[in-house]
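The values are calculated or read from the model by the stated rules, or taken from the named source; none is laboratory data. Keep in mind that this is a model prediction, so the values were computed, not measured. Cβ: placed from backbone, ideal geometry, glycine included. Neighbour counts: every protein chain shown. To get the accessible areas, we keep the full protein, side chains included, count just its heavy atoms, and leave off ligands, DNA and RNA. Shrake-Rupley method; radii C 1.70, N 1.55, O 1.52, S 1.80 Å.
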Amino acid sequence: MVTLKDIAKKVGVSATIVSHVLNHRTGRTRVSEARREEILRTAQELGYVPHRSARSLVTRHNRTIGILINRPRYESLTTAERSLIFDLLDGASAAGDPMGYRSLHSLVDLRNEVVYEQPSFISDRSVDALLIYGYIHRNIARKLKGQGFPCLHIGTNFDPEIDIPCVHADMIGAACEVIRRAAAAGLSSIHLYQPRGPGPEEIERETLSYAAKHYPALKVTATRSSSLYTDFNEAVEHGRALAQSGAPPKLILCNMNSYQPLTLGLYGRCANQPEHSEFIVFIKEGNQDQRLGQDAHFVSQIVLPIRDVCAEASRQLISHLESPDSKLSPQSLPCSFFAGETAPSIFPPGNSRTSICAYHSPVS
């Protein structure tokens, strides 16, 4: 088994210096960049593997990030949900591996404080900080913060009274970009349909404000469902209400789960190609480029960069743990368009369905 002394002997430095370099604590001693790289290279060549338990005793850190994912623990996962979890873990690994950090995750129902079960890695304090994905009840959030863990929220769907910074995909900027493009294409009306929750409420408020300020001639409406998640039957009924209004919106912006029930209500069937309304859906990274049915058209999409969001949140937490003076701060990452065949008017002529263009449109 390779030890710090073995590395120190080969490089020609003290074991203390090797320890500081491998534990990313070089601020405590002066080490040149060339010597630091030599130590890291030698450790890799010799096959050095740090003893996590010994390291935690010295640093008083477990070098572990806990990830709480809002999901009833005993419900079966869909393919899309499994992809989401993989993207979260992959993002955490991308940020943590170079710094010697790992992650532990748990599927927890964060919506209801009565059924909430605290993960063991929180109870035994085997993690140093927490990432929270999905809606969280304010009392659960306060309980977690009260235990002294640095916390970051992935996404904006949580009570704004909860004092937890968030790193998120810029869905507001995405929706405002859709409005800008729709107005440029000459569309007359847009409708935003979302689940209930603080995040969707903020998106609705900012989007309507942006449209009213910059494009007052464009009719922009919004509806949120009664559930935190898409309710199929409720979305069908909402589609019927839009159809019966006599003037369905020219473009509908919704999440992927709402697309089929909305078209079922609008047209009496799940439409492959909308007849009167164009569609753009919010979709999580890894699930883009989806067909609805074997011969269906591609749906135009706004892709949320979940992996990059989790990686950025993990980097912030690690920086804070390594240097407590480093602040945890809100940050948004731009989404991407995926040009499908259900919203052709807002894309430039000749834009293929496989093209992706990044954008970032701050609300002003």
- request: Mind counting the residues in segment 344-364 that are over 21 Å from the mean Cα position of the chain (by Cα) and modelled with pLDDT under 70?
  value: 8
- prompt: Is it the case that some residue within segment 130-145 is small (Gly, Ala, Ser), touching a helix residue (DSSP H, G or I) at 6+ places or on another chain (Cβ under 9 Å), surrounded by 19 or more Cβ atoms within 10 Å (Cβ to Cβ) and within 18 Å of Gln331 (Cα to Cα)?
  reply: no
- request: State whether the residues of segment 304-317 include one that is open to solvent by less than 70 Å² (accessible area, probe 1.4 Å) and at pLDDT below 90.
  value: no
- prompt: Any idea how many residues of segment 5-14 are open to solvent by less than 50 Å² (accessible area, probe 1.4 Å), farther than 17 Å from Glu33 by Cβ and touching a residue at least 12 places away in the same chain (Cβ under 8 Å)?
  reply: 1
query: Considering Glu285, Glu322, Glu341, which residue is modelled with pLDDT under 85, in contact with a Lys or Arg (Cβ under 9 Å, 6 or more places away or on another chain) and within 30 Å of Phe149 (Cα to Cα)?
result: Glu285
statement: Scanning segment 128-184 for residues that are within 17 Å of Leu228 (Cβ to Cβ) and β-branched (Val, Ile, Thr), the one nearest to the chain's Cα centre (by Cα) turns out to be Ile154
- request: Please determine, by comparing only the residues of segment 78-112 that are open to solvent by 40 Å² or more (accessible area, probe 1.4 Å) and part of a loop (DSSP other than H, G, I, E, B), which one is modelled with the lowest pLDDT.
  value: Thr78
